[in-house]
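Q: Have a look at this one before I ask anything.
Only the coordinates and a few stated rules stand behind these numbers; no lab work does. All values reported here derive from a predicted model rather than from experimental measurement. Here the Cβ positions follow ideal geometry from the backbone for every residue, glycine too, while neighbour counts run over all protein chains shown.
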Amino acid sequence: MTVDPNAATQSFPPEPARRTPGPARYLVPALVAGAVAVALGVYGRTHDPSGIAFNLAGFSSTGAVKSWLASTAFFFALVQLVSALMVYGRLPGPRWSATLHRWSGRIAFLVAVPVAVHCLYALGYQTYSTRVMWHSALGCFFFGAFSAKMLLLRSDRLPAALLPLVGGLVLTALTLIWLTSAFWFFRTFGVTT
């Protein structure tokens, strides 16, 4: 018996045929996203707002703090968009664009969390104006969609368009949140600290 050294190695016993991933792989992140969004909304609606949760030295108001932190999160989300386009080959970029993408997302999230905590704790889920109602709903949606994106990142063999689609939803929500809060604040009260 002769052995071909160039033949592909086989494992014994042969590996079982891989099953096509089922809908649960997509259903679980969607259910988690919905649960996070609803839980935040319910908490914000039923919690008795305190009016203030934090303030930082050097800022004139909590609105200024929130607006600058939200603007920082929005900036890093834009960096994430550009770095994602580099990762997917839509823009030329350095080899470290994937690292830039991950770290800009982490920074954006870490900066957005204190803003969300303040909104939920100090203000709650409000509906007294259209702008505020959309801001409240989009804030809950953002953290739900972000949760789904983080769960999908750990899945194997996703459809090529799914992760960019969910990432686009997260970015769109954050953009609208920024427009209904920080941008509104700067337009109404001026660009102050």
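Q: Can you tell me the mean projection area, over all orientations, of the convex hull of segment 84-175's alpha carbons? Units nm², please.
A: 6.9 nm²
Q: While we're on this one: Using 0.36 nm times the number of residues separating residue 132 and residue 45, minus their current alpha carbon distance, what extension gain do you get?
A: 30.0 nm
Q: If you don't mind, there's one more thing I want to ask. Under a Cβ-only charge scheme (Lys and Arg +1, Asp and Glu -1), can you give me the dipole magnitude of segment 63-193 about the Cα centre, in debye to the nearest 20?
A: Working: 10 positive and 1 negative charges, 41 e Å.
Roughly 200 debye for segment 63-193.
Q: If you don't mind, there's one more thing I want to ask. Over all directions, how big on average is the projection of the convex hull of the alpha-carbon atoms in the chain, in square nanometres?
A: For the Cα atoms of the chain, the hull's average projected area reads 16.5 nm².
Q: If you don't mind, another one. Extending each Cα 7 Å along its Cβ direction at residue 99 and residue 163, get the distance between those two points in nm, one decimal.
A: Roughly 1.8 nm, to one decimal.
Q: Right, another one. Could you compute the longest span of the chain free of trypsin sites (Lys or Arg not before Pro) located in DSSP loops and having at most 11 other Cβ atoms within 10 Å, not counting the site residues?
A: Here the longest run is 20-89.
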